[in-house]
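Novice: Next up is a structure, given as C-alpha cells.
The values are calculated or read from the model by the stated rules, or taken from the named source; none is laboratory data. Values in this document were obtained by computation on a predicted structure and should not be read as measured data. With ideal geometry, Cβ positions are generated from the backbone for all residues, glycine too; neighbour counts draw on all protein chains shown.
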2 protein chains.
Amino acid sequence: MRELEDRIRQDGIVREGNVLKVDNFLNHQCDVGLYDRMGAEWARLFAGQRVDKILTIESSGIGIACVAARHFGDVPVVFARKTESKNLDGDQYRTQIKSYTKKRIYEVIVAKRFLVPGEHVLVIDDFLAMGCAMDGLLQICEGAGVIVEGIGIAVEKGFQPGGASLREQGYRVESLARVSSMDARTGEIEFA
Amino acid sequence: MRELEDRIRQDGIVREGNVLKVDNFLNHQCDVGLYDRMGAEWARLFAGQRVDKILTIESSGIGIACVAARHFGDVPVVFARKTESKNLDGDQYRTQIKSYTKKRIYEVIVAKRFLVPGEHVLVIDDFLAMGCAMDGLLQICEGAGVIVEGIGIAVEKGFQPGGASLREQGYRVESLARVSSMDARTGEIEFA
C-alpha cells in the first residue's frame, strides 16, 4: 500500500536493534484516516472470503482492527489480552508469547465465549517481525476450532522470519507495507 | 444514550464488589457499529467545540476513541500507555494511577511530542468510576498545557465519586450511560 510505505519513509525512525518507530501515526498517536484506508485495502484483498470476526491483540492492534472492521460489515472485534498473572479461570483460551522488544514472557488470553468453533476469523496486527505474538494468536485460534481466513498486517519486517514462516504453514498473510531492509545509521528504509 | 443503556441491561453482568462486566460488546469483544453510534453521539454533544485531538488510555479506550475520531474530522487519537517500568526517558509526560480493580499502581506515559501546548483535547474512556485513570490523564493534560474541551465516557458508575468530582472541578463530562445503582444478587441495573 503506497500511502503506508510513503508514510513510513516520511515519519518512521530506524533505531539500532531492528527497531522501527512509527509511533506518530500507527501505535501511540493514531492516524484514523489512514487506519480507515488500511481497512478498505484489507477488505479489497480479502474480498469474497468469509469473515465473521476480527481477532487482534492489545494494545496497538485494537484501533486498527476496530476501524478496519467497519469495512467488513461491522463484524465484532475481539482483542486478546496480555497479562503476567496466572489467572486460573477455565473460561479462557490462553497461551504464552515471548516479546523480543520487551524481553518478557506474557500470558495471552481470550474468553472462550468470544471464539466460537467454526467461525471464520481474520487476524489483524500492527507489526509482524519474529511472529511470536501472531503464533500465540494462531495457537488460540487452533484451540478454539475457528478457521483462520487470513492475516492482515500493517508493517511486516520482511528481513525477520515471522512472515515467511506463516506463509510456509499455509496462512494467507497480507502485509500492507513490507520492509525489506532498514539502516539505523542512514535512516533509510526499503520496501519489498 | 438509549441504545447503550439497553445493551448494558441486556448483556451487562453485575458481580460483587461493584463490578459491571460488559466485555461482550465494550471491552474485550467490541461492537464497532455501537462504537460508531457512540462517536456520533459525542460529536452531537460536543458540537461547536474545538477538538484538535482525542486522548485516551490503553487498552479498552483505544477502539472506542479511534472509531469516535471519525466523527470529529479524523483528528489524531493519542493513547496513554500503562507501564510498571520506570523508564527514565525525559521525552514523556508521566504520572501514576491506582487501579482499584487490579489493586496495582501503574505509571502512565504519553510522549511529549504528541500533546502540543494550546491544543484542544477531548478525553475519552470506556469507564468512569473512582476516576483514578481520568485524574491521571488530566494531570498529563495539565502538564502538557493542553485545553481539555470535555470528557466523553461510555459507562459512568454514578454511585462512585469520579464523575461528581470531575464536574465539581469544572470539567464537562458526557457519559453515554450513567448507572445509578446495580445489584449483584438480582442482576438489576438502573440508570440515572
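Novice: How many residues are closer than 20 Å to A:Ala192 by Cβ and either charged (D, E, K, R) or out of contact with any strand residue (DSSP E or B) (no Cβ under 8 Å at 6 or more places or on another chain) (or both) if we restrict to the range A:131-159?
Specialist: Going residue by residue through the range A:131-159, those that are closer than 20 Å to A:Ala192 by Cβ are A:131, A:134, A:150-159.
Filter once more, so that each one left must be either charged (D, E, K, R) or out of contact with any strand residue (DSSP E or B) (no Cβ under 8 Å at 6 or more places or on another chain) (or both): A:131, A:156-157.
Going through the range A:131-159 one residue at a time, the tally reaches 3.
Novice: The conditions are (1) in a loop (DSSP other than H, G, I, E, B); (2) under 18 Å from B:Cys132 (Cα atoms); (3) at the interface with chain A (Cβ under 9 Å from one of its Cβ atoms), and B:Ile62 fails exactly one of them. Which is it?
Specialist: (1)
Novice: Right, another one. What are the residues in the range A:20-54 that are farther than 29 Å from A:Leu115 by Cβ and away from chain B (no Cβ under 14 Å), if any?
Specialist: A:Leu20
Novice: Inspect the range B:11-20 for any residue being among the β-branched types (Val, Ile, Thr), in contact with a strand residue (DSSP E or B) (Cβ under 6 Å, 6 or more places away or on another chain) and without any contact (Cβ under 8 Å) to a residue 40 or more places away in the chain and give the result as yes or no.
Specialist: First, pick out the residues of the range B:11-20 that are among the β-branched types (Val, Ile, Thr): B:13-14, B:19.
Next cut, in contact with a strand residue (DSSP E or B) (Cβ under 6 Å, 6 or more places away or on another chain) only: B:13-14.
Subset that is without any contact (Cβ under 8 Å) to a residue 40 or more places away in the chain: none.
No: zero hits.
Novice: Here's something else I'd like to know. Please work out which one of (1) in a strand (DSSP E or B); (2) farther than 25 Å from B:Val14 by Cα; (3) modelled with pLDDT under 95 is the condition B:Asn87 fails and give its number.
Specialist: (1)
Novice: Same structure, new question: Closer than 23 Å to B:Arg167 by Cβ, out of contact with any helix residue (DSSP H, G or I) (no Cβ under 9 Å at 6 or more places or on another chain), touching a residue at least 12 places away in the same chain (Cβ under 8 Å) and surrounded by 18 or more Cβ atoms within 10 Å (Cβ to Cβ): does that describe B:Gly136? Let's see the steps before the verdict.
Specialist: Numbers: closer than 23 Å to B:Arg167 by Cβ: yes; out of contact with any helix residue (DSSP H, G or I) (no Cβ under 9 Å at 6 or more places or on another chain): yes; touching a residue at least 12 places away in the same chain (Cβ under 8 Å): yes; surrounded by 18 or more Cβ atoms within 10 Å (Cβ to Cβ): yes.
Yes: the conditions hold for B:Gly136.
Novice: Can you go through B:Arg2, B:Arg50 and tell me which one is touching a residue at least 60 places away in the same chain (Cβ under 8 Å) and farther than 26 Å from A:His71 by Cβ? Full working, then the answer.
Specialist: On the way: B:Arg2 fails: touching a residue at least 60 places away in the same chain (Cβ under 8 Å).
Sole residue among the options that is touching a residue at least 60 places away in the same chain (Cβ under 8 Å) and farther than 26 Å from A:His71 by Cβ: B:Arg50.
Novice: Based on what the data block shows, is A:Arg70 at the interface with another protein chain (Cβ under 9 Å from one of its Cβ atoms), on the phi < 0 side of the Ramachandran plot and charged (D, E, K, R)?
Specialist: Values: at the interface with another protein chain (Cβ under 9 Å from one of its Cβ atoms): yes; on the phi < 0 side of the Ramachandran plot: yes; charged (D, E, K, R): yes.
Yes, satisfied.
Novice: To continue, here is another question. Answer yes or no as to whether B:Gly143 is over 29 Å from B:Asp6 (Cα atoms) and not in a strand (DSSP E or B). Talk me through it step by step, then tell me what you get.
Specialist: Values: over 29 Å from B:Asp6 (Cα atoms): yes; not in a strand (DSSP E or B): yes.
Spelling it out, B:Gly143 is indeed over 29 Å from B:Asp6 (Cα atoms) and not in a strand (DSSP E or B).
Novice: Any idea how many residues of the range A:21-37 are in contact with a Gly (Cβ under 8 Å, 6 or more places away or on another chain), surrounded by 22 or more Cβ atoms within 10 Å (Cβ to Cβ) and not β-branched (Val, Ile, Thr)?
Specialist: Summing the residues that are in contact with a Gly (Cβ under 8 Å, 6 or more places away or on another chain), surrounded by 22 or more Cβ atoms within 10 Å (Cβ to Cβ) and not β-branched (Val, Ile, Thr) in the range A:21-37 gives 2.
Novice: Which residues, counting only those in the range A:57-78, are touching a residue at least 24 places away in the same chain (Cβ under 8 Å) and either farther than 19 Å from B:Val78 by Cα or out of contact with any strand residue (DSSP E or B) (no Cβ under 9 Å at 6 or more places or on another chain) (or both)?
Specialist: Within the range A:57-78, A:Ala69, A:Arg70, A:His71, A:Phe72, A:Val75, A:Pro76, A:Val77, A:Val78 qualify.
So that you can scan it fast, the table gives a plain yes or no per residue for (1) among the aliphatic types (A, V, I, L, M); (2) part of a strand (DSSP E or B); (3) modelled with pLDDT of 95 or more; (4) under 27 Å from A:Thr83 (Cα atoms):
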residue	(1), (2), (3), (4)
B:Gln96	no, yes, no, yes
B:Pro117	no, no, yes, no
B:Val121	yes, yes, yes, no
B:Phe127	no, yes, yes, yes
